[in-house]
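What follows is a short report on a single structure.
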Amino acid sequence: MTTTTDKKLWGGRFAEATDGLVELYNASVPFDQRLAEQDVRGSLAHVAMLGAVGILQPDEVTAIEGGLHGILADIRAGTFEWRLDREDVHMNIEATLRDRIGPVAGKLHTARSRNDQVATDFRLFTKEAALDLAGKVRALRAVFVAEAHKHLTSNGGEPVILPGYTHLQVAQPILLSHWCLAYAEMLERDESRFRDAAARMNESPLGAAALAGTPWPLDRFQTASALGFARPTRNSLDSVGSRDFALEFLAAGSILAAHLSRLSEELILYSTFEFGFLTLPDSHTTGSSIMPQKKNPDVAELARAKSGRVFGALMGLLTVVKGTPLAYNKDLQEDKEPLFDAYDTLSITLRLFTDMLPRATWHAQATLAAAARGYSTATDLADFLARSGVPFREAHEIVGALVGLASRTGRQLWDLTDDEMRAAHPLLSADVAQAQLTVQASVAARASYGGTAPTQVRAQVDDAQRRLEVNA
Ligand code: ARG
């Protein structure tokens, strides 16, 4: 970035030069140059409209368009000279246009303010980012659905069974496919949150000018449609003063980050020696420089932690916006860095998980053994009694006493003797108990809609695949 200083585009009323530190503090070009593409597109739409409504002459439009295309080419080639003294992306581009095509460049800013300009650029960027993340979330969703499908039969033709937890205590056996679909559901909502947000921000602020609109006979509908927006925004104050579109993006991003963080935590736990459910691929784990045996789940750990950056971006921008009077305030310049950072963070994290998960190996014997531990099928025995007419609360009490007996004597429920079973309730016997207590019987029994029975999960996998085939 060069630090030459020429007269400011807004310098008319100023006699003294800007203090150097103020220039540094005020400048947004180190980060808002990321909006360069959107800025040039916005200017091209604006100048074409100025020509169409007769505010500019055809030769003026041609000169400005030519200059803008040249600038765009330089930006794309990385040869555009960004200057700190030119403050922001908008004035860098406009000043360079003037350097190149002369005073006619000054006509570009007719009926426009940087306030509607930045709102337009940032909305364009955020809408594209939201749709990009929606697509990346969808790709990860597809991975979970494919994994769910695979693990219906990956255990020698049988479904892989996993312990289901509440309070991180073994609760009831579930299918690994069911677990996969739980994440697919969360991600499906994440995707729709980004798409909803993109639809709501799909309005063009261009033409709102500084805050009050403009006396020029603009066609805001033309610029809106040229930029791919559904329509112009309705209120000029709101257009330049609101950033809830960015907040929505960050809110959707924060919820997604929370989901990815929970997933990370499960992958970290399940891949420990103690759990042994899962081996993460070498490509997405790292070693230790001192302990040769180590294989660390760094990607998952970083993803768990990076949720903090995304939440921070949301909290930061909420704090920026709160308490600012209508309409535009320079405070709003602080909207960009957190959003860029959250976008980049989510984008790379989604790609990493999309690559990593299909390459992880699940250990069906270990998950099955773990699923059977911890009296995970005790509810099934209680349900058996309840189906035979014993009030569920009473059945719960009876089985609870049997669990107490088994755990005091270091046994599983299926190790209790016929006499012990019969003593607990006349409808019970060792045979009856053993039939009810297998993990396979337990999962098969949970055939309520949305439950973990293979019949249900198979239907849910089919349905999830169908929803993925439908265009977004
Ligand atoms: N760099 C500014 C921003 O990001 C552009 C708008 C400046 N507008 C103004 N009236 N100073 O918000």
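A compact table of results
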{"read-out": "Estimated distance in nm for a label pair at residue 6 and residue 393, the labels positioned 7 Å out from Cα along Cα-to-Cβ", "value": "8.5 nm"}
{"read-out": "Calculated [θ] (222 nm, deg cm²/dmol) that DSSP helices of n ≥ 4 give over the chain, each run adding -39,500 (n - 2.57)", "value": "-19500 deg cm²/dmol"}
{"read-out": "Paramagnetic label zone (point 7 Å from Cα along Cα-to-C-beta, residue 59; backbone N under 17 Å) in segment 89-112", "value": "101-108"}
{"read-out": "Those trypsin sites (Lys or Arg not before Pro) in segment 183-270 that DSSP places in a loop and that have at most 14 other beta carbons within 10 Å", "value": "234"}
{"read-out": "Gain in span if fully extended, residue 301 to residue 155, counting 0.36 nm per residue against the direct Cα distance", "value": "49.7 nm"}
{"read-out": "Burial order of peptide ranges 18-28, 174-184 (average beta-carbon count within 10 Å, highest first)", "value": "174-184, 18-28"}
{"read-out": "Residue 139 paired with residue 225, simple spin-label distance in nm, labels 7 Å along Cα-to-beta-carbon", "value": "3.4 nm"}
{"read-out": "Segment 36-101: GluC sites (Glu not before Pro) in DSSP loop, at most 14 other beta carbons within 10 Å", "value": "81"}
{"read-out": "Segment 421-467 versus segment 134-207: alpha-carbon centroid distance in Å", "value": "23 Å"}
{"read-out": "Pair residue 322, residue 405: separation of 7 Å Cα→Cβ label points (nm)", "value": "5.8 nm"}
{"read-out": "Ranking of 407, 43, 376 by count of other Cβ atoms within 10 Å, fewest first", "value": "407, 376, 43"}
{"read-out": "Residue 21/residue 166 FRET efficiency (R0 41 Å; Cβ-Cβ; nearest 0.05)", "value": "0.15"}
{"read-out": "FRET efficiency, residue 331 to residue 471 (Cβ-Cβ, R0 30 Å, nearest 0.05)", "value": "0.15"}
{"read-out": "Residue 175 long-range amide H proximity, modeled H, under 5 Å", "value": "162"}
{"read-out": "Helix runs (DSSP H) in the chain reaching 15 Å along axis by Cα, Kyte-Doolittle at least -0.5", "value": "36-52, 58-77, 89-101, 114-150, 244-270, 298-321, 336-356, 392-408"}
{"read-out": "Cβ-derived FRET efficiency at R0 41 Å, residue 272 paired with residue 447, nearest 0.05", "value": "0.80"}
{"read-out": "Full-extension gain in nm, residue 34 to residue 359, via 0.36 nm per residue minus C-alpha separation", "value": "113.6 nm"}
{"read-out": "Sequence ranges 453-461, 70-78, 351-359, ranked by mean other-Cβ count within 10 angstrom, highest first", "value": "453-461, 351-359, 70-78"}
{"read-out": "Full-extension gain in nm, residue 212 to residue 427, via 0.36 nm per residue minus C-alpha separation", "value": "69.4 nm"}
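All of the numbers you see were taken from the coordinates with simple rules; none came from a lab. If you're wondering where the values come from, they're calculated on a predicted model, not measured in any experiment. All Cβ positions, glycine included, derive from the backbone under ideal geometry; neighbour counts span all protein chains shown.
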